[in-house]
Amino acid sequence: MSLSIKLHVTTSHLNYLNHRAKTNTNTNTSNIRTKPIYTSNPLIITTSRSRKMSLGSYGAPFIKSSLIEPDGGALVDLVVPESQRGPKILEAEALPKVKLTKIDIEWVHVISEGWASPLRGFMREDEYLQSLHFNALRLKGNGSLVNMSLPIVLAIDDQTKEKIGNSSNVGLLGPSGDCIAILRSIEIYKHNKEERIARTWGTIAVGLPYVEEAITPAGNWLLGGDLEVLKPIKYNDGLDNYRLSPKQLREEFDGREADAVFAFQLRNPVHNGHALLMNDTRKRLLEMGYKNPILLLHPLGGFTKADDVPLSVRMEQHSKVLEDGVLDPETTIVAIFPSPMHYAGPTEVQWHAKARINAGANFYIVGRDPAGMGHPTEKRDLYDPDHGKKVLSMAPGLEKLNILPFRVAAYDTSENKMAFFDPSRAKDFLFISGTKMRAYAKSGENPPDGFMCPNGWKVLLKYYESLQTEESPQQPAVLSA
């Protein structure tokens, strides 16, 4: 494929990249804080190796990974056992009801499987205030801190509050009207939206995707309490087999006898620059003496903004990356992280890292502007691109997680491949943003050879072609007598 490339790099961008590259040239292990997956069943490797059971701080048995302990000591599991569901369902039917939005259900999923351990339900006011103002929760048992940078709350309106009355428990309704959970020992408190938005995003500018979807239209009250989920959350979209819980992931890491697990969070298709970073990380871990580091490729599966590539398309694209050998299926686990996306930059990246602790990862890869986005009303990034990794290195409650900052990768036009940026020949490098990548796909134009595996690119082309077909005006029907 022949393609003429025009390189547009601003002076400030070059200065930034030169600084980053000089900083990263000496990157070494001392800088670290001390069969295909896509089948009907992603848990393809089983083991008969016995696992030790122990008791966490809540007194519940859990699988203790040799790599990293869940926050709070015990991995929370709030799904009612099948043998106990009958009486619980009958009880729920008699309770006042709260109807959940799609994003609310995603949070029920997150809480119920233990991604937010030790949180056991939607936040009551004391938990909400700690999360909002301190980005952490202090455990009542031993006084230690666990990171909790995003408030996980359930909003209700005046009418629902009135219906609840003096009831201590409520039933939570799914989109089809079925009761999916009970919220017990509830507390209702004021939902100060402006304070929540300002503290979480650092701005109240119009156009923040999660705010417009989940906060602005929400009620003026927050409802906290302990969750009991009546059955596992399923989406019936053909992807439920890839939604592995923290418990399942820990079992898989143990089954593969991993001595290090490094997590990579993403909400975009995987290009060869991403693969370079992930493969380089594994190489660095091997050089540190680890024998079997496993990559957790963990695309976000909850709410994303309208112009992001949909989850189903991303998962198909990821499968091609493994099939084409860009990543090694033997040392890679691909699973879906069920959390909604906030685009809250350094505040949100702490949540992404904390959740991977609970999933059993002891290394976390962080790059430029994690969880960031463009400013909704100005032509600039909403957050400083370096602040995410700096915050992760200092965040309370994340001390046990090893943070792996990655080097800047770009398209090397002299080698026709993705490579680490070299400041001594900056003009040879092309920076292809997610926006530029989508522009290529929308226009049907191919990116430079070596940017993405060919079969993965075909998935994106097919998706954007289908959008254009849907958007094209329909010809009026011609009626004949």
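The values are calculated or read from the model by the stated rules, or taken from the named source; none is laboratory data. Just so it is clear, the model here is predicted, and its values are computed rather than measured. Note: accessible area is taken over every heavy atom of the protein model, side chains too, but ligands, DNA and RNA are not part of it. Shrake-Rupley method; radii C 1.70, N 1.55, O 1.52, S 1.80 Å.
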Share of carbon and sulfur in the accessible heavy-atom surface of the range 240-469 [1.4 Å probe, %]: 47
Gain upon complete extension [ARG184, MET394; 0.36 nm per residue less C-alpha separation]: 72.1 nm
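Per residue, what accessible area does the range 311-413 have, given a 1.4 Å probe and all protein chains present, in Å²?
29
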Segment GLN84-ILE204, length gained on full extension (0.36 nm per residue, minus Cα span): 38.7 nm
Largest to smallest accessible area among LYS88, LYS247, LYS354 [probe 1.4 Å]: LYS247, LYS88, LYS354
Over the range 351-405, relative contact order from alpha-carbon pairs under 8 Å, at least 6 apart, %: 41
Relative contact order [Cα under 8 Å, 6+ residues apart], the range 82-229, whole percent: 32
Nearest-10 value in Å² for the accessible area of PHE406, using the 1.4 Å probe: 40
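How many percent of the accessible area of the range 82-229 is carbon or sulfur, using a 1.4 Å probe?
Roughly 48 percent, rounded to a whole number.
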Exposure of ARG120 as accessible area (Å², to 10), given a probe of 1.4 Å and all protein chains: 90
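For the range 82-229, rounded, prolate or oblate, judged on the Cα gyration tensor with a ≥ b ≥ c (square roots of eigenvalues), a/c < 1.5 rounded, else prolate if a/b > b/c? Show your work: numbers first, answer last.
Details: a/c = 1.79, a/b = 1.29, b/c = 1.39.
Since a/c reaches 1.5 but b/c is at least a/b, the shape of the range 82-229 is classed as oblate.
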Exceeding the 22 Å Cα-Cα cut-off - candidates LYS320/LYS462; LYS140/LYS400; LYS193/LYS305; LYS193/LYS400; LYS320/LYS442: LYS193/LYS400
Per residue solvent-accessible surface (Å²) - the range 82-229, probe of 1.4 Å: 44
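Full-extension gain between SER168 and ASN416, please, as 0.36 nm times their residue separation minus the C-alpha to C-alpha distance.
Values: separation 248, 0.36 × 248 = 89.28 nm, distance 6.36 nm.
So the chain would gain 82.9 nm between SER168 and ASN416.
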